[in-house]
Amino acid sequence: MSTGTRMSQPTSGGAFPVQRIRDDFPVLNQRVNGQPLVYLDNASTAQKPRVVIDTLSRYYAEDNANIHRAIHTLAERATQAYERTRSKVREFINAADSREIIFVRGTTEGINLAAQSYARSVLTEGDEIIVSAMEHHSNIVPWQLVCQQVGARLRVIPVDDDGELLVDEYRRLLSERTKLVALAHVSNVLGTINPVKQMIEMAHSHGAPVLLDGAQAVPHLRVDVRDLDCDFYAFSSHKLYGPTGVGALYGKADLLEEMPPYQGGGEMIASVTFEKTQYNVLPYKFEAGTPNIAGVVGLGAAIDYVQQVGLSAAGGYEHELLDYATGVLAAIPGLQIIGTAREKASVISFVIDGIHAHDLGTILDQHGVAIRAGHHCAMPLMQRFGVPATARASFAFYNTREEVDALARAVDAAIEVFG
Amino acid sequence: MSELTELYQEVILDHNRRPRNFAKLESANRMAEGINPLCGDQVVVYLQLDGDRIVDMSFQGYGCAIAKASASLMTEQLKGKSRADADQLFAALHALLTGDPSVDLSEDGLGKLEVLAGVREFPIRVKCATLAWHAMRAALRQDRPQVSTE
């Protein structure tokens, strides 16, 4: 067996204080099926540091009130905490103005908002929307819905065998018919970091705005929406160590100003009569109803935490982990890594001869190792690579080389079962 | 690890490696597809039905070892059986997989299907073990060309 050669150096001696960081995440300190938990499903959702959990609890215990409504003290505190997070998100992605940050339920809702409010009102029959072959279903289906509604057409940028987008093919797809480009910043299956800055420039030269699905990017990369010059950017809190059920959509103010509301209700209005309703100003025009206030406040705590860890130090550490894991997994006979792009985030999809990803997932779980097995909500990409499903290990800055070794040992055990 | 050994018994591994009746059935007069949208697994079940009797049966598709082995064992067990036999065997298998105590499994005729008992400890995998069976039932009813585990 190949396990004998895997003698990793303890990670604690390195520059990145991973052991101290692990102590911040209560969930990591447990055994699953009798083995220490090795959580490698971070691309699905990341675990939460204690400070995020405590922030949620403290918000409900001390400040809970509805926002932007009442005059009383609790409402004032809740509103301030909510709006402070808007400023933090603005700063985190370097948007020009907090009015450009709209709180939503997550990346999916952010994309649907842009699709139904922007694309549906701007596109007409014969127009085209370009996506890529590596999109998550949430960056495919909302655009298909718009295409059906307005008679537009979806075009798809192909990927090569390494999992890199074919930029020359993209160049050929761009035309005066292109009215929107929607791209994953980082692929949830392949880990590929797409050359989005260049691709945005190309779209803009044809007058087409670009939406980036940043769900997999914000936990790993420093995102600067003004440097990228993207028109929309959507991400989720829960992949960024924050609570579930909340996320943000960034949009350039001039586009957002022109867009009709996404949903009607309270908060999004300035005045209502039965004859005419005046919509509220940005960003409230897009935040109908009582939002996930606690979730937004928790997201603020998560952003503070990530800033404190330092995204560049964490990114560097994750990259070392990715390199190490890639080497260890690639050395296992019969294992094939799907996604070998030059620029990758810490996500590794793989298949093993004769073992279905689900069987692998079950066996790994018995060893305490949590991975994702399946099509990862990217069925067209699975078809592109000719596999029904893959196993996916995705790493966060609290993972260690020892955990990579535990993954490899569990994979060896699965291969032994299926021999 | 004993639960794993119980799940991946030699018979299951064997049927996964060398699934029986794993081909398109040219003489089929019934067929149905089963899909599991959660994992993308897909199976097509072919039946040659003569009146009330399943004369021949086969399957194609892709899935995990549990899904494939269960489909393969099903084709072995149901050849020559009646619709009522098929329904009864499905009910018995379902009881075996979910640990339903209300069904008496002592005289159920599960036979080789007993090897699927280990799935009971892995509730998330019950859908894998029943995928082909749902397709078989749809093919017998011939009311829907595609069934889903959801």
Q) In whole angstrom, how far apart do the alpha carbon centroids of region A:271-304 and region A:142-168 sit? A) 31 Å
Q) What residue among B:72, B:102, B:82 has the largest mean-square fluctuation in a Gaussian network model of chain B, using Cα springs under 10 Å? A) B:102
Q | Reachable lysines from residue A:344, criterion Cα separation under 16 angstrom, eight or more residues apart if same chain | A | A:197
Q | Cα-centre dipole for the protein assembly as shown with unit charges at Cβ (Lys and Arg positive, Asp and Glu negative), debye to 20 | A | 320 debye
Q) How far, in degrees from 0 to 90, does helix B:65-78 lean away from the longest principal axis of the Cα atoms of chain B, to the nearest 10? A) 50 degrees
**Q.** residue A:331 paired with residue A:20, simple spin-label distance in nm, labels 7 Å along Cα-to-beta-carbon
**A.** 3.1 nm
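I'd like the FRET efficiency for residue A:206 and residue B:22, computed as 1/(1 + (r/R0)^6) with the beta carbon distance as r and R0 of 60 Å, rounded to 0.05.
FRET efficiency, residue A:206 to residue B:22: 0.75.
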(Q) Test of understanding: what is the full-extension gain from residue A:307 to residue A:125, defined as 0.36 nm times their sequence separation minus their Cα-Cα distance? (A) 61.0 nm
Q: State in Å² the accessible area per residue of chain A; use a 1.4 Å probe, count heavy atoms of protein chains only, and round to the nearest integer.
A: 40 Å²
Q | Residue with peak Gaussian network fluctuation, chain A [Cα springs, cutoff 10 Å], from A:276, A:179, A:48 | A | A:276
Q: Quote the FRET efficiency, to the nearest 0.05, computed for residue A:168 versus residue A:343 with a Förster distance R0 of 22 Å and r equal to the Cβ-Cβ distance.
A: 0.80
Q.
Explain nothing, just compute: Karplus ³J(HN,Hα) = 6.51 cos²θ - 1.76 cosθ + 1.60, θ = phi - 60°, for every residue of region A:352-366 in order, whole Hz, x for Gly and Pro.
A. 10, 3, x, 10, 5, 4, 5, 5, 4, x, 5, 5, 4, 4, 5
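Given a 1.4 angstrom probe, I'd like the percentage of the accessible area of the protein assembly as shown that is carbon and sulfur, rounded to a whole number.
Percent of accessible area from carbon and sulfur atoms in the protein assembly as shown: 49.
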Q.
Compute the helix-to-body angle for A:196-205: its Cα long axis versus the longest principal axis of chain A, expressed 0 to 90° and rounded to tens.
A. 40 degrees
Q. Cross-link partners among lysines for residue B:81, C-alpha distance below 30 Å, same-chain residues fewer than 8 apart left out?
A. B:24, B:68, B:112, B:127
**Q.** lysines whose Cα lies under 18 Å from that of residue A:276, excluding same-chain neighbours fewer than 8 positions away
**A.** A:285
(Q) Among DSSP bridges having both ends in chain A, what percentage is antiparallel? Round to the nearest 5. (A) 60 percent
Q: Taking only Cα atoms and a 10 Å spring cutoff, compute GNM fluctuations for chain A and point out the largest among A:272, A:347, A:89.
A: A:272
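The values are calculated or read from the model by the stated rules, or taken from the named source; none is laboratory data. All values derive from a computational prediction rather than experimental measurement. Please note: Cβ atoms are built from the backbone with ideal geometry, for glycine as well, and neighbour counts cover all protein chains shown. Side chains are part of the model used for accessible areas, which takes the heavy atoms of the whole protein and leaves out ligands, DNA and RNA. Shrake-Rupley method; radii C 1.70, N 1.55, O 1.52, S 1.80 Å.
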